[in-house]
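Taking it in order: structure first as structure tokens, then the write-up.
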Amino acid sequence: MDNLDFEEDESIIQRLVLAKGILQHKIEKEVRGNAELHASLERIKYFLHKLRLELEQEVLSLQELSQAEKNLRVALEVQNEKRT
């Protein structure tokens with residue numbers, strides 16, 4: 001009986017070692033995949049932040065241009081009223 005228990009334990013140990021190796025390989029693969037995703041997300045985050053800054057600057061420029069055009073319209077309207 002002891003011999004059977006030993007063989008059963010040895011078989012179980014072999015299966016567990018194999019399962020451990022398979023799981024470790026899967027985990028390593030997931031870690032690499034997650035690292036690639038993280039790097040990709042960081043690049044996207046960087047470019048989105050850069051785009052945001054550029055758009056904010058463009059909006060400020062357009063607001064300044066809009067204000068300048070409004071000021072010009074007011075000045076032209078004043079001149080037009082003086083002529084009439």
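The values are calculated or read from the model by the stated rules, or taken from the named source; none is laboratory data. Worth saying up front: this structure is predicted, and the values here are computed from it rather than measured. Here the Cβ is made from the backbone with ideal geometry for all residues, glycine too, and neighbour counts use every protein chain on show.
For the reader, a short list of remarks on this structure follows.
- Residue match in region 13-28 (condition: small (Gly, Ala, Ser), within 27 Å of the chain's Cα centre (by Cα), in a helix (DSSP H, G or I) and at pLDDT 95 or above): no
- Positions within region 50-84 being assigned to a loop (DSSP other than H, G, I, E, B) and surrounded by 10 or more Cβ atoms within 10 Å (Cβ to Cβ), in sequence order: none
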